[in-house]
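See below for the structure under consideration.
Throughout, read-outs are computed from the coordinates displayed, never taken from laboratory work. Quantities reported herein were computed from a predicted structural model and do not represent experimental measurements. Cβ placement follows ideal geometry from the backbone for every residue including glycine, while neighbour counts extend to all protein chains displayed.
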Amino acid sequence: MSHGAAPGGTPARGRALAALSLAALGVVYGDIGTSPLYALKECFTGAHSIPLTNDNVLGVLSLIFWSLNFIVSFKYILCVMKADNRGEGGILALLALIRPRQEGHSRWVLVTLGLFGAALLYGDGVITPAISVLGAVEGLKVATSSLDHVVWVITIVILAFYLLIDGQSLFVAFARLFPPERRAEVTRAGREISTKVSAWMIGQLILAGTIGLSSAIGLYLLGVPYFYVLALISAAGELIPVVGPILSAIPAAGAALTVSPKTALWVLVFFFLQQQAENHLLVPKIMQRQVGVSAAVVIAALLIGGALLGIVGAVLAIPTAAILQVVLQAAFNGRET
């Protein structure tokens, strides 16, 4: 492959070359740019920190600036870019220079060093994006401690995103931990678990839509202003177990209070009856249809999860029950065979 070649095999030119160059610079400077963040934190916080003065700040920034310039100009331009294999750089390209005909201890030393470098490359590629993003999210705590819960939510979303990207490769690696004769069964169980968790998420969206629609109708009939906005808040609150419905009822009651205290009272009664119908009728039936877990198991899982872990336990109760159901069924089927 020629240097700077496009996916089709022809050398990149014009805009394609500019885009590749910009992407390469972004990768290099993006990787290097995360280190100053940790360096600044260590300089001014911790047991060995220095006083936060103008001179110290300018001195640290000067050290970081000239260090980055030295790393790019000397390490990358003068050293790293000189080590290539027909225009291709990197540890894997250099590893290809080791000829199979070479024998002796020197060859195995070079192979070992190449494998060690490749392991570092893959490890850095996996860890660096996650640490960089999570480090930036953690920086929100520095701005204000009230964003602590927001940081946890953003962190969960980011981790879920990376798990979705690498889910297939992670599961293949997990299946290899089992004997070859059991891997097909483990793969089948994993696919069933993925299907059930996806069905649970769809069930949550169905519940949110049902609550939002019923709230819009009920608030409209009660004469509450801005009922459509309050219905959207109610639907979003449905995705937050336990406290979500309570929080979504507060703005609805406040809007109803502008009409009359009696209307506000009827709104509270409406939300109370709505939640009772949801908890005892909608959730068990919808989750039984979507996830395949019986209504009794759904109610028991919600009670146990909420008692053990609170809100987090209530969120994870139904998918955990579905996963345990799949695992137990696979275990019992394995014993029967």
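What are the residues in the range 267-314 that are β-branched (V, I, T), crowded, with 19+ Cβ neighbours inside 10 Å and part of a helix (DSSP H, G or I), if any?
V267, V283, I286, V291, V297, V298
So which residues in the range 234-243 are surrounded by fewer than 20 Cβ atoms within 10 Å (Cβ to Cβ) and part of a helix (DSSP H, G or I), if there are any at all?
Selection gives A236, V243.
List pairs: first residue in the range 233-253 and free of Cβ contacts under 8 Å to residues at least 12 places away in the same chain, second residue assigned to a loop (DSSP other than H, G, I, E, B) anywhere in the structure, Cβ distance under 9 angstrom, at least six positions apart or on different chains.
Final answer for the pair search is L247/I240.
In the range 211-232, what residues are surrounded by 17 or more Cβ atoms within 10 Å (Cβ to Cβ) and either touching a Phe, Trp or Tyr at 6+ places or on another chain (Cβ under 6 Å) or among the aliphatic types (A, V, I, L, M) (or both)?
The answer is I211, A216, G218, L219, L222, V224, F227, L230, A231.
Given the residues A264, A256, A208, A249, which is the only one that is under 21 Å from P319 (Cα atoms) and surrounded by 15 or more Cβ atoms within 10 Å (Cβ to Cβ)?
Just a single option satisfies the conditions, and that option is A208.
Any residue in the range 312-328 that is touching an Asp or Glu at 6+ places or on another chain (Cβ under 6 Å) and touching a residue at least 24 places away in the same chain (Cβ under 8 Å)?
Yes: one or more hits.
With the requirement that a residue be touching a residue at least 40 places away in the same chain (Cβ under 8 Å), among the small types (G, A, S) and more than 26 Å from A277 (Cβ to Cβ), what does the range 175-209 give you?
A189
The conditions are (1) within 21 Å of A317 (Cβ to Cβ); (2) in a helix (DSSP H, G or I); (3) out of contact with any helix residue (DSSP H, G or I) (no Cβ under 6 Å at 6 or more places or on another chain), and L213 fails exactly one of them. Which is it?
The number of the failed condition is (1).
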